[in-house]
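Sharing a structure, written as C-alpha cells. Questions coming.
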Amino acid sequence: MATVPSTQKGVIIEKTGGTEVLQYKTDLPVAALAEGEILVKNDYIGVNFIDTYFRSGLYPASHFPYILGREAEGTVVKTGGGELHGLKEGDKVVWMGDGAYTQYTAVPAFKAIKIPSSLPPKIAAASLLQGLTALTLVREAHPVQKGDWVLVHAAAGGTGLWLVQLLKAIGAHTIGTASTQEKVDLALKAGAEHVINYTHEDVRQRVAELTSGQGVIAVFDGVGKSTFDLSLDVLARKGSLVSFGNASGAVPPVTIGRLTAKNAKLLRPTVANYVATREEYEAYSKELFAFIEKDGLDARIHGVYPLSEVARAQGDLEGRKTSGKLLLDPEK
C-alpha cells in the first residue's frame with residue numbers, strides 16, 4: 001500500500017471573483033474515502049472553462065472553501081469499500097468529477113476510467129472532458145452525418161479542436177471560426193475545410209457563400225453570449241444550434257418564437273448528462289480512446305503549468321492566449 005500523507009498541495013477559493021481569489025495552499029487535508037471511492041494521486045490536472053465559471057460565480061459553488069477542477073489522471077493509491085468497477089491500487093486512471101486542483105482526490109470509482117497502456121502520460125488528462133464533450137455533441141446533441149455542413153466556433157480552442165478532428169473523421173464539411181491567423185492555420189491543420197477569421201471577415205456572408213445560401217445544419221457554439229445571434233442566423237432550415245459554453249458570457253434569455261423561422265432546434269447540453277451511467281461513460285471513453293489510437297486524433301497540449309501558477313493558467317485561458325489543452329502539474 002502506498003504511503004499517503006495527511007496534508008497536500010492544492011488550490012481553493014473562499015469566494016467568487018477574478019483569478020485573485022485562487023489560493024494556493026500547501027497544507028490542505030487529504031480526504032478520507034467513503035464507500036465506493038478511490039484515492040487518486042493526480043499526475044496531471046486538466047484546466048477547463050468550467051473551472052473559471054465556478055471561480056467567477058457564473059456557476060454556483062456548493063460550499064466554501066471550494067476546490068476547483070473537473071478532471072485529472074493519476075494512480076490509484078488507496079481504495080474504499082463497495083463497488084469499485086474493477087479498479088485497484090496501482091491502476092493508472094483518468095477521471096471526471098470535482099476537486100481536481102489537488103495532489104490527491106477522493107473520486108467516486110464510477111467516474112474513473114482505466115487508461116489504456118498504449119496512451120502516453122498527459123494524453124488522457126488532456127482528452128477526457130473536452131474529448132467526451134465533443135464526441136457526445138456530434139453523436140447525440142446533433143448526430144452529424146457524412147456530408148453535413150457544420151460550423152464550429154472557436155475552432156482552435158480546446159473543445160473546438162476535438163470537434164474539428166471528429167467531424168473530419170465522420171466526413172462532415174466543417175467551417176471553423178478563429179481570431180488570429182495562427183489559430184486559423186491550426187484549425188485548418190486539424191481538419192476544418194474552411195476557417196473564417198472573424199476579426200476581419202463577415203462570418204454570415206462567408207457561411208452563405210460556402211453553403212450556397214443554405215446555411216449549416218448544425219452550429220457547435222462554446223462561446224455563448226457574443227456568438228448566439230450569429231449562430232442562429234447561419235443555421236439552415238431544420239438546423240440545430242448546440243450552445244454548450246459561455247466563454248464570452250452567458251446567453252441572455254431567448255424568445256422561443258425565434259426558432260420558428262427555420263424550425264430550428266436549440267440545445268444546451270452538458271457532457272455529464274450524456275455519460276450519466278457507467279455503461280455510457282465506458283462506451284464513450286472507449287470510443288474516444290479508439291479515435292486517439294487508431295485515427296490519430298491529437299490532444300494538442302498547449303502547455304503544462306505548475307499548480308502554484310494556476311492564476312496564470314486561467315488568465316491565459318480566459319484571455320484567449322492559448323490553443324489546445326492546458327494542464328496543471330500538482331507537484332510544482
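Each value in this text was obtained by applying a stated rule to the coordinates, not by laboratory testing. Being a predicted model, the structure only gives us computed values, none of them experimental. Please note: Cβ atoms are built from the backbone with ideal geometry, for glycine as well, and neighbour counts cover all protein chains shown.
Among the lysines, select those whose C-alpha is under 28 Å from the C-alpha of Lys78, and discard any that sit fewer than 8 residues away in the same chain.
Lys9, Lys25, Lys41, Lys88, Lys92, Lys111, Lys114, Lys122, Lys286, Lys332
Moving on to the next point. Rounded to the nearest 500 deg cm²/dmol, what is the calculated helix-only ellipticity per residue at 222 nm for the chain, with -39500 (n - 2.57) per DSSP H run of length n ≥ 4? It would help to have the intermediate numbers written out before the result.
Numbers: 8 runs with 85 residues, N = 332.
Result for the chain, helices only: -7500 deg cm²/dmol.
Counting GluC sites (Glu not before Pro) as exposed when in a DSSP loop with at most 14 other beta carbons within 10 Å, what is the longest stretch of the chain free of them? Walk me through the numbers on the way to the answer.
Numbers: sites that count: Glu14, Glu35, Glu83, Glu89, Glu201, Glu331.
For GluC sites (Glu not before Pro) (loop position, at most 14 other Cβ atoms within 10 Å), the longest site-free span of the chain is 202-330.
Something else now. What fraction of the DSSP beta bridges in the chain is antiparallel, stated in percent and rounded to the nearest 5?
Numbers: 30 of 54 bridges.
So the antiparallel bridges amount to about 55 percent of the total.
Also: Among Ser285, Gly171, Phe49, whose Cα projects farthest towards the positive end of the dipole of the chain, with charges put on the beta-carbon of Lys, Arg (+1) and Asp, Glu (-1)?
Most positive-ward Cα: Gly171.
Can you give the Rg/Rh ratio of segment 1-160, where Rg is from the C-alpha atoms and Rh is the Kirkwood radius?
Details: Rg = 17.1 Å, Rh = 17.0 Å.
With Rg and the Kirkwood Rh in hand, the quotient comes to 1.01.
For segment 130-272, what ratio Rg/Rh do Cα atoms give with a Kirkwood hydrodynamic radius? Display every interim value, and only then the final one.
Values: Rg = 13.5 Å, Rh = 14.7 Å.
Ratio value, two decimals: 0.92.
Measure of size requested: the Rg and Dmax of segment 132-184, with Cα atoms as the atom set and Å as the unit; please supply both.
10.5, 32
Please work out the ratio of the alpha-carbon Rg of the chain to 2.2 N^0.38 Å and round it to two decimals. Each step should come with its number before you reach the end.
Details: Rg = 20.0 Å, N = 332, 2.2 N^0.38 = 20.0 Å.
Working it through for the chain, the quotient is 1.00.
Taking amide hydrogens as modeled 1.01 Å from N in the peptide plane, which residues meet the under 5 Å criterion relative to Tyr44, leaving out close sequence neighbours?
Answer set, sorted by chain and number: Glu73.
If you wrap a convex hull around the Cα atoms of segment 20-95, how much volume per residue is inside, in Å³?
Numbers: hull volume 9.2 nm³, N = 76.
Roughly 121 Å³ of hull volume per residue.
Count charges around Gln8 for me, please; just the other residues with Cβ under 12 Å from its Cβ, Lys/Arg as +1, Asp/Glu as -1.
On the way: positive: Lys9, Lys25, Lys41; negative: Asp27, Glu331.
Taking every other residue near Gln8 into account, the sum is +1.
Quick one: Val21, Val152, fewest Cβ neighbours within 10 Å first, how do they rank? Provide the component values of the computation, followed by the final result.
On the way: Val21 16, Val152 33.
Placing the least packed residue first, the sequence is Val21, Val152.
Separate question: Give the aspartates and glutamates reachable from Lys321 as a straight Cα distance under 18 Å; neighbours fewer than 8 places away on the same chain don't count.
Filter leaves Asp51, Glu182, Asp185, Glu309.
Gap in Å between the Cα centre of segment 201-261 and the Cα centre of segment 276-304?
Result: 27 Å between the Cα centres.
Amide H neighbours of Gly99 under 5 Å, at least 5 residues apart or on other chains, H built in the peptide plane: list them.
The answer is Gly69.
Defining a contact as two alpha carbons under 8 Å apart and six or more residues distant in sequence, what relative contact order in percent does the chain show? Provide the component values of the computation, followed by the final result.
Working: 725 pairs, mean separation 57.1, N = 332.
So the answer I get is 17 percent.
Same structure, new question: May I ask you to list the trypsin sites (Lys or Arg not before Pro) in segment 40-114 that are in a DSSP loop and have at most 13 other Cβ atoms within 10 Å of their Cβ? Each step should come with its number before you reach the end.
On the way: sites: Lys41, Arg55, Arg70, Lys78, Lys88, Lys92, Lys111, Lys114; in loops: Arg70, Lys88.
Loop-located and lightly packed - Lys88.
Which net charge results when you count Lys and Arg as +1 and Asp and Glu as -1 among the other residues whose beta-carbon is under 14 Å from that of Ser285? Mind dumping the intermediate values first?
On the way: positive: Lys92, Lys111, Lys114, Arg139, Arg278, Lys286; negative: Glu71, Glu73, Glu279, Glu280, Glu282, Glu287, Glu293.
Charge balance in the 14 Å sphere: -1.
Straight-line reach only, C-alpha to C-alpha below 28 angstrom: list the lysines that Lys238 could link to, leaving out same-chain residues fewer than 8 apart.
By straight Cα distance, Lys238 reaches Lys146, Lys168, Lys225, Lys262, Lys265.
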